[in-house]
Amino acid sequence: MAYVGLSRPYVAKLVDEKAKTYSDCFRCGKAISLSVTPNYNEVKLYADNVLDEYVKEFKDGTISLGTDRLPKEAQPVMFGHTVTDDGKTVTYKSNDNANYVGVGFVIDEVLDGAKTFTATVIYKCKFTEAADSYTTKGDSIEFKTPTVEGAIAALEDYTWKTVKTFSTAEEAETFIQTTLGYDAEDDTLGA
């Protein structure tokens, strides 16, 4: 299989781990890049001079999400910042705490000439804000887009990710929306 696209990133605040429920789901801009790196605990047991047992289990992970913008919904949901009702002012406090969130995205895949769409949901991660970097216009114009990084953890039932394949991007997106409790009326970007 070959990955040929990335789209439709969603983020939602984790409310209840056992029930896998979320609130404040929003479309987190348009996807530019995404990487997920799982980390594992592993142990080897040697007996009679050979490897006798080998155990490797998911420990945690890291996620990096690059989008064309971080919408205003990202500030309170992902980072715990305060946003005014008109959405024009964000207040950052030293004691703001980032929330655990779920993240979903769609990957376009091609295998033997057939295209499919894979919905991926990561159930629990906590993001930190990236450094701000700006450049003045010079001889050429360049785009600067936000990238946020986070730590991935497993839920109480040890689940950390679900991947499901669909024949259309819309079906994959609907799966993500349903899993993360998306409500179109609450999303200023729209689906």
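Could you grab me the full set of residues in segment 67-84 that are closer than 22 Å to Y22 by Cα and either without any contact (Cβ under 8 Å) to a residue 12 or more places away in the chain or assigned to a strand (DSSP E or B) (or both)? Answer for segment 67-84, where residues must be closer than 22 Å to Y22 by Cα and either without any contact (Cβ under 8 Å) to a residue 12 or more places away in the chain or assigned to a strand (DSSP E or B) (or both): T67, T82, V83. With respect to the conditions (1) exposed (fewer than 10 other Cβ atoms within 10 Å of the Cβ); (2) under 23 Å from A154 (Cβ atoms); (3) not hydroxyl-bearing (S, T, Y), V36 falls short on a single one, namely (1). When the residues of segment 124-145 are filtered to those that are open to solvent by 50 Å² or more (accessible area, probe 1.4 Å) and in a strand (DSSP E or B), the one that is nearest to K18 (Cα to Cα) is K126.
Annotation: of all residues in segment 2-18 being farther than 18 Å from K161 by Cβ and at pLDDT below 95, the one that is farthest from the chain's Cα centre (by Cα) is A2. Restricting segment 151-178 to residues that are in a strand (DSSP E or B) and within 12 Å of G102 (Cα to Cα) leaves a set whose member that is most open to solvent (accessible area, probe 1.4 Å) is K161.
Considering only residues in segment 39-91 that are among the basic types (K, R) and loosely packed, with under 12 Cβ neighbours inside 10 Å, the one that is farthest from the chain's Cα centre (by Cα) turns out to be K44.
Looking for something of a type in the set (V, I, T), in contact with a Cys (Cβ under 9 Å, 6 or more places away or on another chain), part of a strand (DSSP E or B) and surrounded by 13 or more Cβ atoms within 10 Å (Cβ to Cβ) - is there at least one such residue anywhere in segment 101-123? Yes: one or more hits. Cβ separations smaller than 7 Å between residues 6+ apart or across chains give the following pairs from segment 142-171 residues that are acidic (D, E) to residues that are in a loop (DSSP other than H, G, I, E, B): E142/T135; E149/A130; E156/E17; E156/K18. Need pairs with beta-carbon distance below 7 Å; first residue free of Cβ contacts under 8 Å to residues at least 40 places away in the same chain and within segment 25-38, second in a loop (DSSP other than H, G, I, E, B); sequence gap 6+ or separate chains. Sorted first by the residue in segment 25-38, then by its partner, the pairs are K30/D68.
The values are calculated or read from the model by the stated rules, or taken from the named source; none is laboratory data. This one's a predicted model, so the numbers in the text were calculated from it and none came from an experiment. Here Cβ is always computed from backbone atoms with ideal geometry, including for glycine, and neighbour counts include all displayed protein chains. SASA here: full protein model, heavy atoms, side chains in, ligands and nucleic acids out. Shrake-Rupley method; radii C 1.70, N 1.55, O 1.52, S 1.80 Å.
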